[in-house]
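Beneath this line is the structure, given in structure tokens, with notes to follow.
The values are calculated or read from the model by the stated rules, or taken from the named source; none is laboratory data. Everything quoted here is computed from the prediction, not taken from an experiment. Neighbour counts are summed over all protein chains in view; Cβ atoms, including those assigned to glycine, are modelled from backbone coordinates with ideal geometry. Please note that ligands, DNA and RNA were not included when accessible areas were found on the heavy atoms of the full protein model with its side chains. Shrake-Rupley method; radii C 1.70, N 1.55, O 1.52, S 1.80 Å.
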Amino acid sequence: MISVLLVDDDEDLLDLARRVLGREEDLELFTTTSTSEGHAMLLSKEYDAVVLDYEMPGMDGLEFLREMKARKDETPVIIFTGKGREEVVIEALNNGADFYLQKSGDPRMNFLELIYMIREAVRRHRFSRELAESERRFREALERLKLIAFQIDREGHITFCNDYLLGMSGWDRDEVIGADWIDIFVPGEEKAAMEKLFSKAFHDEPGGENFPCPFLTREGQLRQVVLNNTPLRDPLGNVCGLSCIGEDITERRKSEEERRSSEERLQILFDYAPDAYFLSDLSGNFIDCNRAAEELLGYRRDEILEKNLFKSGILTPEHIPRGISLLARHIEGVPTGPEELVLIRNDGRGVVVEMRHYPVTIGNKCLVLGSVHDITDRKMAEDSLRRVNAKLTLLNSITRHDILNTLTALLLYIELLKEDPKDESQKEIFEKVEMLTQTIKKQIEFTRTYQDIGIYAPQWQSLESVTRRAAASIDMGSVKFVADIDDLEIYADPLLEHVISNLIDNSLRHGEHVTTIWLTSIPDENGTKIIYEDNGVGIPGKEKEEIFKRGYGRNTGFGLFLSREILNITGITIKETGTPGKGSRFEIRVPFGNFRVRNESEGQ
């Protein structure tokens, strides 16, 4: 329903209007002969259209119209009058009238034309309000989406811009509106190229609807935006401007460039890494490799990428089952290595390698990254060193055996001489010679134990098993041994058992009244501590460090010295921290990486 206010001082015309317009179902007519009453009616009720006579007592139609516009009243107005002067028509339209209709001729035709004008004026007004509301919502959406929005005319002058553009550029609205877009926002060296792209957009040519555009802020900072352009058309369909929406992609481009640069650096690191690197799928098919891999296997990269680790003869037959078991771990997402395997080169020569594998995800695909270190030369050197050590050990054993045999014979002769000394001074000399000979014998026997330290590679050992064997090898008598070290494994020299045996032997020999020995483990921020303690006489404070020196003590003097040497091979330390008179207490500190709990290690 369209509500219409008709203001005219002619009662007959109002009566006729009520009769004619009242027949129209979509029109509701309100009338008055007074301009003052007309204003009051406008203030009390909202109308869809106002029809005004030009000549009325007190105030003419144009004055009524001007007062409406002064109140920002945008209700459509039609001037319906008997006056037809051209200057009146122009003044009415200039003051905001939507239509001007002259009362002349057939009244029926006049009212039919008036009805058309009312409907058209209301349609235009409603469309204008809907368009304004739509533009308001659209601009609010643009602000929320953080997009720049602006419009330019055919000359490139800015006719509209949103707040986000102003905030990003640093310019004020009155400085931007009316300015040339290219002059104010495009740097000099880019102006010509941008003019061509905007020209394409105006002519609706390919390449003009969407393109990247440099954007220069007031402070001189250069940013990059991507513009999406829509031609604006006048009522006749001619392009009269552009509506442009742009996204600031400066940070995205920077991130893409950084990512591209990072990928290039990683590719260089991959290609020129000294160790061989392979990328394979979960079936063992090679997907990528670096230059070191080509040199290691003697194949070109394209040849390697045609091969499968298990089917191409690269992996020796005896190592294929091990390789398949490792692959099963990779499928579960578990990294493996280091593993020692033998690979066959293109020339048939075998190379010993140390391999590590890491399950990775690239492009939503599960792959395996393998690093391969050639240890052929190292293995040859180790084998050579092992043979040399074996020869030296054999030589030491033979030499030591011969010297000990000679010393044994010498001690026998000394015993014979001691049985029949010529005088007391000679007997004293024989005893000193015997003491020195015994010292030589101990030193020779010490070399038998010391030569074994570090000969064999360190290994993971169950501390519980090591302790049990050590205690079983010694007659404990009535001494009670209590161990609380379940599931703890230590990475140490194979002579670890010798360390525990020596501690137990010292407690039994020197503790005097030892009845109980305890062995426990305590984790802390630096790793874990293994505590060995007894309830004997303890060790005097001044001897706590002396006992670890070679030759100190009442027995061989080598036990704790050797124990410290054995532990030190894998970075384990030992010190005495007991209280004299209350028993000895040894702290064996094991750093991180050199101990583990058995039930955790089984999953590794």
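Annotations for the structure displayed:
- For the stretch 149-166, putting each phi into the Karplus relation 6.51 cos²θ - 1.76 cosθ + 1.60 with θ = phi - 60° gives couplings of 9, 7, 10, 10, 8, 4, 8, x, 7, 6, 9, 7, 8, 8, 5, 5, 4, 5 Hz, in residue order, rounded to whole numbers and with x for Gly and Pro.
- Carbon plus sulfur fraction of accessible area for the stretch 261-366, probe 1.4 Å, in percent: 52 percent
- Between Ile569 and any residue 5 or more places off or on another chain, the built amide H atoms are never under 5 Å apart.
- For the stretch 101-208, the residue among Leu165, Tyr116, Gly178 whose Cα projects farthest onto the positive side of the dipole built from Cβ charges is Tyr116.
- Look at the dipole of the chain built from charges on Cβ: of Ile414, Thr376, Ser128, the Cα furthest out on the positive end belongs to Ile414.
- Recomputing Rg and Dmax of the Cα atoms in Å from the coordinates shown identifies the correct label among (1) 51.6, 175; (2) 27.4, 97; (3) 25.6, 82 as (1).
- Using only Cα coordinates, the Kirkwood hydrodynamic radius of the stretch 35-125 works out to 13.4 Å.
- Solvent accessible area, Å² - Ser384, 1.4 Å probe, full protein context: 50 Å²
- Here the 3J(HN,Hα) profile of the stretch 54-64, calculated from phi with Karplus coefficients 6.51, -1.76 and 1.60 at θ = phi - 60°, is 7, 9, 9, x, x, 7, 7, x, 5, 5, 4 Hz, Gly and Pro shown as x.
- Linear extension gain, Leu417 paired with Lys575, 0.36 nm per residue minus alpha-carbon span: 52.3 nm
- Spin-label model, Arg386 to Asn285: label points 7 Å out along the Cα-to-beta-carbon direction sit 3.9 nm apart.
- About its Cα centre, the dipole of the chain is roughly 3680 debye, where the only charges are +1 on Lys and Arg Cβ and -1 on Asp and Glu Cβ.
- Counted residue by residue at 0.36 nm each, then reduced by the alpha carbon distance between them, the extension gain from His513 to Glu525 reaches 0.8 nm.
- The angle separating the long axis of helix 11-21 from the principal Cα axis of greatest extent in the chain is about 50 degrees.
- Note on the chain: dipole from Cβ charges, positive end direction compared against Pro187, Pro458, Leu14; the farthest Cα belongs to Pro458.
- Computed from the Cβ-Cβ distance with R0 of 60 Å, the FRET efficiency linking Asn228 to Val342 stands at 0.45.
- Separation of alpha-carbon centers, the stretch 71-93 and the stretch 506-577, rounded to whole Å: 114 Å
- Residues whose placed amide H lies under 5 Å from that of Asp288, excluding near-sequence neighbours: Leu279
- Area of Thr399 that stays accessible when all protein chains are in place (1.4 Å probe, Å², to 10): 60 Å²
- Under 16 Å from the Cα of Lys103 - lysines, other chains or at least 8 residues apart: Lys83
- Taking all protein chains into account, the per residue accessible area for the chain stands at 57 Å² (1.4 Å probe).
- Exceeding the 30 Å Cα-Cα cut-off - candidates Lys427/Lys544; Lys480/Lys544; Lys45/Lys146; Lys432/Lys549; Lys69/Lys146: Lys427/Lys544; Lys45/Lys146; Lys69/Lys146
- Calculated from backbone phi, Karplus (6.51, -1.76, 1.60) coupling profile of the stretch 319-336 in Hz, x at Gly/Pro: 9, 4, x, 5, x, 5, 5, 5, 4, 4, 5, 5, 4, 7, x, 9, x, 9
- Expressed as a whole percent, the accessible surface of the stretch 94-151 that belongs to carbon and sulfur atoms is 52, based on a 1.4 Å probe.
- Difference of contour (0.36 nm per residue) and Cα-Cα distance, Asp275 to Glu28: 79.8 nm
- Taking 29 Å as the straight-line reach from the Cα of Lys379, the lysines in range (excluding those fewer than 8 positions away in the same chain) are Lys307, Lys311, Lys391.
- Euclidean distance of C-alpha centroids, the stretch 139-209 and the stretch 277-311, integer Å: 53 Å
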